[in-house]
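Here is the structure we will look at, set down as structure tokens.
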Amino acid sequence: MLWNVIFLIIGIMVLGAGLYYLVKEKSDPESRKIYSVVSVVGVVVVIGAVIKFIL
């Protein structure tokens, strides 16, 4: 249970950081690709933590 909360917090932080820098570096196409991938990883971690928390 504690691990689920930790992974949820980490996923939200990664997602937030990815979205923040995605907006901040919107003019650089290579940065947009990198931060899009980071945001997707954050979403996957959050979804995984939520699913594990529910089950």
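The values are calculated or read from the model by the stated rules, or taken from the named source; none is laboratory data. No experiment lies behind these values; they were computed from the predicted model shown. Just so you know, the surface numbers come from the protein's heavy atoms only, side chains and all, with ligands and any DNA or RNA stripped out. Shrake-Rupley method; radii C 1.70, N 1.55, O 1.52, S 1.80 Å.
Quick notes on this one:
- As a ratio to 2.2 N^0.38 Å, the alpha-carbon radius of gyration computed for the chain takes the value 1.25.
- Over the chain, relative contact order from alpha-carbon pairs under 8 Å, at least 6 apart, %: 51 percent
- Karplus-derived HN-Hα couplings along the range 40-49 (A = 6.51, B = -1.76, C = 1.60, θ = phi - 60°), whole Hz, x at Gly and Pro: 5, 4, x, 5, 5, 5, 5, 4, x, 5
- Of all accessible heavy-atom area on the chain, the percent that carbon and sulfur account for (1.4 Å): 76 percent
- For the chain, the solvent-accessible area with a 1.4 angstrom probe is 78 square angstrom per residue.
- Between 0 and 90°, nearest 10: helix 2-24 axis offset from the chain longest Cα axis: 10 degrees
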